[in-house]
Structures are given as C-alpha cells and as structure tokens.
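Take a look at the structure set out below.
The values are calculated or read from the model by the stated rules, or taken from the named source; none is laboratory data. All values reported here derive from a predicted model rather than from experimental measurement. Cβ atoms come from the backbone with ideal geometry, glycine included; neighbour counts cover every protein chain shown.
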C-alpha cells in the first residue's frame, strides 16, 4: 500500500479536495487522514464568517468529499480548554473545539483519554492501558465481530 504525506502549511479545503481527487484517480485513494481539522483554511471568505461557521463549512466539505470519492476521512480535532475546568477530565463531544458541526457531520467520534496525564505523581497499576478510548458517536456502522 502506498502512503503519501502532504504537510503543506495552512492548506485550504479546496486544495485538500483537489489533491484527494487527484490521488483517487492516480492511486485509488482509500483513506485520507487530516491532522488536524482546525488547521484547515477556508477559501477566500475574508472576515464575514466566524471560526465556528468556517469549521462547519470545512466539515460539510469533508463529508461531501468522502461521499464523492467513496473514501474514509479520519480528521483529528483539538479539544477546547473547557475540559481543563472540570473535575472529571474525560472529554465530551461538546469539548471538541468549534464542535457543533464536527459532532453533526461525523459518522464516528472517538475520544482518547489518559488518566495518568491528570494524576500528578502517581504511577499507573501494572497492566493498566496507557489510554482509554471510547466511541461517543456512531451512526450507520455495521459490527462484523461479535
């Protein structure tokens, strides 16, 4: 399997769309990874949109691109600082930065949490996983394993 990395800074959604289409036609692109969603720029809209509206347009465009090319898109997202203000540090859907459209447009949202990160001067029990992962949203997914 071929693996391509495009680390162009401040890439726009139209550039992602164009490059994904090209990779689909030349290399049969199957999965597109985006690290991370909030780094994507909106195409020449000036200041008429706020960032929440821009992220909404980006997530809608990525969803449409996935359907158009019949590919999976895995996009990482930053969390807002709200999680740091709570006693329970496990992230929620509402903690996704500029989250409304991310939550709405995603088929699956997975959050990763590491308890040890928040527990100062403690050692995890032997055999404890280094992180906890859970699915907070899942739609239209068929489970093949029982």
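Could we say that residue 20 is more than 30 Å from residue 119 (Cβ to Cβ), free of Cβ contacts under 8 Å to residues at least 12 places away in the same chain and assigned to a helix (DSSP H, G or I) here? No; evaluated as a whole, the condition is false for this residue.
Could you please give the count of residues in region 23-44 that are at negative phi and either touching a residue at least 60 places away in the same chain (Cβ under 8 Å) or assigned to a loop (DSSP other than H, G, I, E, B) (or both)? The number of residues fulfilling the criteria is 9. Sort out which residues of region 45-75 are at pLDDT 90 or above, in a helix (DSSP H, G or I) and surrounded by fewer than 16 Cβ atoms within 10 Å (Cβ to Cβ), and write them in order of number. Listed by number, the residues that qualify are 60, 64, 67, 68. Taken over region 87-103, the criterion of being in contact with a strand residue (DSSP E or B) (Cβ under 7 Å, 6 or more places away or on another chain), under 16 Å from residue 41 (Cα atoms) and either at pLDDT 90 or above or not in a loop (DSSP other than H, G, I, E, B) (or both) is satisfied by 102 alone. The condition of being outside any strand (DSSP E or B), modelled with pLDDT of 80 or more and loosely packed, with under 14 Cβ neighbours inside 10 Å holds for only one of 116, 84, that being 84.
Scanning region 5-39 for residues that are surrounded by 13 or more Cβ atoms within 10 Å (Cβ to Cβ), under 23 Å from residue 95 (Cβ atoms) and touching a strand residue (DSSP E or B) at 6+ places or on another chain (Cβ under 7 Å) returns 34, 37.
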